[in-house]
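*Asks:* Following this message is one structure expressed as structure tokens.
Coordinate-derived values only; no laboratory data. Just so you know, these numbers come straight off a predicted model, no measurement behind them. Cβ placement follows ideal geometry from the backbone for every residue including glycine, while neighbour counts extend to all protein chains displayed.
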Amino acid sequence: MVAAYQLRWRRAIRLHVSRDQPRVLSRVLPRFVPVSASDLPSDGDHDALVFLADVRLTTDPSGADTLVHAPGCAIPGRLAEHVVAPAMTATAVHASGAIQDVALVTPWGASRDQLPLGVFVYGTLMRGEEREGAIRSALPGVAPVDGSIAGGLVHLGAWPGLVDGEGRVHGELFHASDHASDMASDLGPLLAVLDPIEDFLGFHVTPTEYVRVVAPVTTASGLAWAWTYRFVGDTTSALPIPSGRWRDMPRRLPGTAGMRRPTDAV
């Protein structure tokens with residue numbers, strides 16, 4: 001038997017892998033090549049980027065690069081050819097909502113800039129909406145910035161969902177801190193409030209409706225990378241919102257007056 005490793009909270013858990021399994025792993029684990037924050041595209045196509053979710057790159061006592069669990073942080077990178085042997089793995093998330101395990105390459109060669117720098121909301125969590133209090137419980141004095149994100153918006157009866165689309169979805173970007181170096185690390189408390197509202201149970205649990213993803217948000221001052229929640233559930237009966245603005249629609253569609261989510265009390 002040989003040892004592989006899987007990131008789990010603040011320690012690496014040894015996994016036993018038979019010596020006849022490396023080729024199987026090579027078919028399911030693409031190689032993750034990290035990039036620094038300065039390498040992120042400021043415009044154009046972002047489809048090639050994925051992010052290691054809820055982890056921070058740090059240095060262990062021996063001086064080696066290592067990952068620790070850090071809710072709200074993310075490391076950008078790209079997927080390359082598959083690995084041919086067991087390796088340390090982590091969870092990568094794409095802006096489309098796709099989640100997959102990836103093998104890490106060493107040395108990292110990436111900066112320790114931790115991303116993203118905010119949370120983008122586009123529906124009931126915005127100012128004046130019914131769940132604004134959830135944001136305020138974690139960020140009581142923070143003023144959001146207007147922004148938009150690529151995609152489509154659908155009405156799901158009593159709340160919206162961000163989906164694939166050719167338009168723009170308009171909403172608000174919340175920064176957790178006024179200091180760029182603290183922003184990512186300060187998002188954890190906010191996400192601890194928002195994840196249950198969106199019924200997001202983590203990257204190792206099959207999602208029912210929403211996946212937390214990193215995506216570029218366009219604001220008046222430029223591009224910002226932020227967490228947001230992408231709807232990946234059934235849209236068969238969803239009503240498209242052509243303007244991409246939740247406030248352009250009635251809060252409840254006909255026949256859904258009593259519609260409630262389990263987290264409506266949050």
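*Asks:* Rg/Rh for the stretch 119-248 to two decimals, with Rh computed the Kirkwood way over all alpha-carbon pairs.
*Replies:* 0.94
*Asks:* In what sequence do Val83, Val33 fall when counting other Cβ within 10 Å, fewest first?
*Replies:* On the way: Val83 20, Val33 17.
Taking fewest neighbouring Cβ atoms as first place, the list is Val33, Val83.
*Asks:* FRET efficiency for Asp164 and Ser62, Cβ-Cβ distance as r, R0 = 51 Å, nearest 0.05? Write out the running numbers ahead of the final one.
*Replies:* On the way: r = 44 Å, r/R0 = 0.86.
In this case the efficiency is close to 0.70.
*Asks:* Please identify which residues in the stretch 224-245 have an amide N closer than 18 Å to a label point set 7 Å out from the Cα of Asp199, following the Cα→Cβ vector.
*Replies:* 229-239
*Asks:* Oh, and also: Relative contact order for the stretch 119-248: what is it in percent, counting Cα pairs under 8 Å that are at least 6 residues apart?
*Replies:* Numbers: 242 pairs, mean separation 40.5, N = 130.
Computed value for the stretch 119-248: 31 percent relative contact order.
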